[in-house]
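Asks: The structure follows.
Please treat every number below as a calculation from the coordinates, not as lab data. These numbers come from a predicted model, not from an experiment. Cβ coordinates were reconstructed from backbone atoms using ideal geometry, including for glycine residues, and neighbour counts include every protein chain displayed.
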Amino acid sequence: MIDNRRTLETLLAQGGHYIDSETGAIVPPIHTATTYARDERYELIGYGYSRSGNPTCAQVESVLTELEGAEDALVFGSGLAGITTFFDTVRTGERVVAPRVMYHGAADWLHRLAERRGIMVEFFDAAAPDGLREVVGARDTAVVWIEPSVNPTWDVIDVRAAAEIARASGAVLGVDATATPAVTLRALELGADVVFHSGTKYLAGHSDVTAGVLATRVADERWEDVKLARTLMGGVLGAFESWLLLRGMRTLHVRYERQAANAMAIARHFEGHPKLDAVLYPGLESHPGHAVAKRQMTNGFGAMLSLLVTGDAEAAKRVATRTRLFVPATSLGGVESLIEHRATVEGPNSVVPENLLRVSVGIENAHELIADLEQALE
Ligand SMILES: Cc1ncc(COP(=O)(O)O)c(C=O)c1O
């Protein structure tokens, strides 16, 4: 239930203020049952079958609904399961518009699999001020899909402006807010119809659970379609993972604030560094998207940044292999700092600059992180 008086910090820290009515336990149990009994009238007592939903999923979904200011939320077995289930509501012949540079798994689905389904996909340049408006044009569009800070160049997209463009073309605006969680960017309040998160990242926060989240502004017909598709395509999140996600979310607020502060310290330190061509971070005043980021991110500029190393792919990879604290691994949003050569991870069809290192900043000591990158750049 949505209680407007409860701040996000309190909602998250208390896991939705759960108190078990029978035992008084302040942590919910993990319901591992896959099937549920009927009563003497052959009516369901509570749930039916775990693929359609189960009490542990429902617990985390109710906190996510309130966190996002949504009417409803659903959890999935991975972020991509959430994205592809959402896109399953797009009909053959309909059009989707998305950024050219974006999370490569979703882009790959749009490039490789949407075509099989007869979905038209067009891409826009997130760095161009009118990129989205020009591609959407005056044509009917089913879905505009954006990331407020696109992964991994961190160009900023104005969510409010995108919502207006989407509405004018009859489209639904879907926002992948994985890198900009609701503690800093309120996607639905800014005009998104549906907000998505890879729960694997900041929401869970410890690099130990794979999960996806969709939350909707209104529980309309399309949302009923998404729910049906989750059941029929089987993408539901397991009970243990649901519980871990809820447990992780209790500390989202403090983790995120520390991570964003560390990222800002690193970005400021390395801006203008002689071994770097650029530091890409929307928190820097020099970033072309800074003013929009400042307007739509109310609590720090996130904890993701990229470094353009002076030189080629090999020079960038050398830096990524020389760090001692930053772990050379993909993913983001965990409490530990990671560094990756993004073009290698994305593979041959990557559109990311070859000298780009993507950095996910954790909660460690900022001075140690800076010293580690300094010695790796030497
Ligand atoms: C921005 C973004 N969206 C979606 C995903 C996909 O999530 P998952 O890996 O949980 O399937 C990722 C994963 O890296 C991501 O970074």
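Asks: Which of GLY212, VAL97, MET249 sits closest to the plus end of the dipole of region 8-249, meaning its Cα is farthest towards the positive end, when Lys and Arg get +1 and Asp and Glu get -1 on the C-beta?
Replies: So the residue furthest toward the plus end is VAL97.
Asks: Restricted to Cα positions, what overall size does region 16-65 have along the principal axes? Three whole-Å values, descending.
Replies: For region 16-65, the Cα extents along the three principal axes come out at 34, 23, 18 Å.
Asks: As I understand it, the dipole of the chain uses +1 on the Cβ of Lys and Arg and -1 on the Cβ of Asp and Glu, about the Cα centre. Which of ALA161, ALA13, TRP109 lies farthest toward its positive end?
Replies: Positive-most Cα among the choices belongs to TRP109.
Asks: What is the mean projected area of the alpha carbon convex hull for region 253-377, to one decimal in square nanometres?
Replies: So the mean shadow area of the Cα hull is 7.3 nm².
Asks: Once you charge only the Cβ atoms, +1 for Lys and Arg and -1 for Asp and Glu, what is the size of the charge dipole of region 114-220 about its Cα centre, to the nearest 20 debye?
Replies: 240
Asks: Between the helical axis of 221-233 and the dominant principal axis of the chain, each derived from Cα atoms, what acute angle in degrees is found, rounded to the nearest 10?
Replies: Relative to the chain, helix 221-233 is tipped by roughly 90 degrees.
Asks: Further question: In Å, the Kirkwood hydrodynamic radius of region 185-252 over pairs of distinct alpha carbons?
Replies: Answer for region 185-252: a Kirkwood hydrodynamic radius of 13.1 Å.
Asks: Which trypsin sites (Lys or Arg not before Pro) does region 317-377 hold that lie in a coil by DSSP with at most 11 other beta carbons within 10 Å?
Replies: ARG324
Asks: Oh, and also: Can you tell me how region 87-175 classifies by the Cα gyration tensor, rounded, prolate or oblate, using a/c under 1.5 as the rounded cut?
Replies: It is oblate, given that a/c is not under 1.5 and a/b is not larger than b/c.
Asks: For every other residue with a beta carbon closer than 11 angstrom to the beta carbon of ALA182, add +1 if it is Lys or Arg and -1 if Asp or Glu, then tell me the sum.
Replies: Every neighbour counted, the sum reads -2.
Asks: Using the Kirkwood radius over Cα pairs, work out the Stokes-Einstein diffusion coefficient for the chain at 25 °C and 0.890 mPa s, in µm²/s as a whole number.
Replies: Answer, rounded: 115 µm²/s.
Asks: Give the calculated FRET efficiency between ASP277 and ARG324 to the nearest 0.05, with a Förster radius of 25 Å applied to their Cβ-Cβ distance.
Replies: Computed FRET efficiency for ASP277 and ARG324: 0.60.
Asks: Then there is this: Can you list which of the GluC sites (Glu not before Pro) found in region 1-103 are DSSP loop residues with at most 15 other C-beta atoms within 10 Å?
Replies: Answer in residue order: GLU22, GLU40, GLU43, GLU71.
Asks: Would you mind working out the magnitude of the charge dipole of region 1-124 relative to its Cα centre, with +1 at each Lys and Arg C-beta and -1 at each Asp and Glu C-beta, to the nearest 20 Debye?
Replies: 580
Asks: I've got another one for you. Please give the contour-minus-distance gain from ARG268 to LYS294: 0.36 nm per residue of separation, less the Cα-Cα distance, rounded to one decimal in nm.
Replies: Roughly 7.7 nm would be gained on extension.
Asks: If the cut-off is a Cα-Cα distance under 30 Å, which lysines reach LYS227, setting aside same-chain residues fewer than 8 apart in sequence?
Replies: LYS201
Asks: What distance in nm lies between label points placed 7 Å from Cα along the C-beta direction at ILE45 and ASP140?
Replies: It is 4.9 nm.
Asks: Considering only ASP39, ASP208, ASP72, give the residue with the highest GNM mean-square fluctuation for the chain, with springs between Cα atoms whenever their separation is below 10 Å.
Replies: ASP39
Asks: Based on Cα positions only, what radius of gyration and what Dmax would you give for region 299-357, in angstroms?
Replies: 11.7, 36
Asks: Distance between Cα centroids, region 177-204 to region 64-91: provide it in whole Å.
Replies: The two parts, judged by their Cα centres, are 11 Å apart.
Asks: Taking the Cα centre of region 253-377 as the origin, how large is its charge dipole in debye, to the nearest 20, when only Lys and Arg (+1) and Asp and Glu (-1) carry charge on their Cβ atoms?
Replies: Value, rounded to 20: 200 debye.
Asks: Name the chymotrypsin sites (Phe, Trp or Tyr not before Pro) in region 6-82 that are in a loop by DSSP and that have at most 16 other C-beta atoms within 10 Å, would you?
Replies: Those that pass, being in a loop and sparsely packed, are TYR18, TYR36, TYR42.
Asks: Highest first, please rank the peptides 115-123, 160-168, 79-87 by the mean number of other Cβ atoms sitting within 10 Å of their residues.
Replies: 79-87, 160-168, 115-123
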